[in-house]
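The values are calculated or read from the model by the stated rules, or taken from the named source; none is laboratory data. None of these values were measured; they are calculated from a predicted model. Because the Cβ atoms are built from the backbone with ideal geometry, glycine has one as well, and the counts that use them run over all protein chains shown.
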Amino acid sequence: MGLWPDAKRTSGQFQWLSCCVTVTVLLGCQPQAAEAPFSNYLSRLSLTLSVAIPDAPPASPLLPPTIADIRLSIPTSSLDSLDFLSVRGCALQTNIRKRSTDLSRQAKPSQRLLMTLEFLRLAPTCITQLHEKNNATLADRLQSFKVEQQGQLPALIFNATLGSEEYRAFWLPKSAPGAYPRARHGDSLAALHAINHHADHWLRGDYRTPEREFELLLGEVAGGEGGVLLQALSDQGDYLADADLLVQRHIRLESHCRIHASFSASRDLSMRIQEIFNASVSPFTVWVSERHKALAGPILDLESQLATILPSVYRHWIILRNYRAARGVSAPKKHMSQLMRLTDGCALE
C-alpha cells in the first residue's frame, strides 16, 4: 500500500467523502497528516472541475533486492592458509591469526572488510621487516597477498555497504511520521556521508579503519528514511498523475471554454486551482524534493565509486528506484503545466 491510498483510489470523490462522514468517529477515516495534502487537493480539484477521481490501482511498494541476490562472491584468500607463526614479530601476526579462525570465516561483511583493511595497513611494515631479516620468500608471499587483497577491496566495500543488510533496511518501506518530511524518519544523512568519506580513502590507499565508528554508522543508515522517501515520491507521482487526468478530462470531455464562457473565466479557474495547489500541496513537494536531493547525493556517490563491480541485479534496482524518484520529483512542475492548459483554446474577450 502507498502512503496515501484511500482518497486516491476510489471510484469517485463522493463515495470517499460519504465514507469518511459515516465512519470517521469509529474508524478514523480522516487522512493522516502526511496524506492530507494530496487527498484533500485531489478531492477539491475533482469537485471544482466536476470530474470524478480516477479509479486506479495503487502502485506496489518498490522493494530493494534481497542480500542473497546481490552479495558478491569473494574467493577465500590464500592468506588464510599462512601460518601466523611465520610472521612472528610483526604486528600483522594477530591479524593473520584472527583470519584463520572459523569465527572469522563466518564474520559479517563489515567485519571481513575491517580485517582486510587492517591487513593492508599493517602489511607494508611487516614486508619491510622480513626483507631486513633476509626472508625474501615470505616477504614476496605477503606482497602477493597484499595485491590480492587490494583487488578484492571494492567488492568487500560493496558487501559491507550497498550490499549489506543495513543499506537494505534503509530502503525498506516504512511508515512515515505524521509530519513527514518536516519530522524525519531518523537522520542517516551524516552517516551516509561519513561512510562515503571512508570508502573514498580506502579505495585511494588510506586503510585507516575507525572500527567501532563504522559499525555505528551502518546502524544509523539502517534506521534511515530511504524507503519512506521513495514511497513518498512514488505516491506524489501517482497522485499528481491522477490530478493531471482530471484536468485533461475536464478539457477534453467538458468543453471547458464553453462552460466558462471566456478566456478570463478559464484563467480565473486555472489561477484559483493553482492557489489551492500552492497552499496545500506545494510545501510538501518542496520538502520532499529537498530531502531527496540531500539523500540522493551520498547514495549516488558511493554507487559511482563502486560502479565497476555493481552486480546486475543491483543495477536494475538503481534504474527502477531512480525512475520512481525522478517521476515524483518532476510531477509538481508537470501538473502546473497541465493547469496552465485550462486556458488553451479559449477566445480572448
Note: among Arg258, Arg249, Arg267, Arg272, just one is touching a Ser or Thr at 6+ places or on another chain (Cβ under 6 Å), modelled with pLDDT under 90, in the same structural domain as Glu303 (by TED's automatic domain parsing) and farther than 21 Å from Leu162 by Cβ, namely Arg267
Just give me the residues in the range 181-194 being at pLDDT 75 or above and surrounded by 21 or more Cβ atoms within 10 Å (Cβ to Cβ), in sequence order.
Ser188, Ala191, Leu192
Being in contact with a Phe, Trp or Tyr (Cβ under 8 Å, 6 or more places away or on another chain) and hydrophobic (A, V, I, L, M, F, W, C) is the filter; apply it to the range 90-112 and report the residue that is modelled with the highest pLDDT.
Leu92
Can you go through Ser304, Ser289 and tell me which one is assigned by TED's automatic domain parsing to the domain that holds Leu45, among the polar types (S, T, N, Q), in a helix (DSSP H, G or I) and surrounded by 18 or more Cβ atoms within 10 Å (Cβ to Cβ)?
Ser289
Meets criteria (of a type in the set (A, V, I, L, M, F, W, C), within 30 Å of Ile318 (Cβ to Cβ), in a helix (DSSP H, G or I) and not assigned by TED's automatic domain parsing to the domain that holds Ala232) for Ile127
no
Could you figure out which of (1) in a loop (DSSP other than H, G, I, E, B); (2) among the hydrophobic types (A, V, I, L, M, F, W, C); (3) modelled with pLDDT of 90 or more isn't true of Ala68?
(1)
Residues to consider are Ala232, Ala199; find the one that is of a type in the set (Gly, Ala, Ser), in the same structural domain as Asp301 (by TED's automatic domain parsing) and in contact (Cβ under 8 Å) with a residue 40 or more places away in the chain.
Ala232
Checked Leu42, Leu26, Leu47 against criteria (part of a helix (DSSP H, G or I), at pLDDT 50 or above and either loosely packed, with under 14 Cβ neighbours inside 10 Å or assigned by TED's automatic domain parsing to the domain that holds Ser110 (or both)); the one match is Leu47
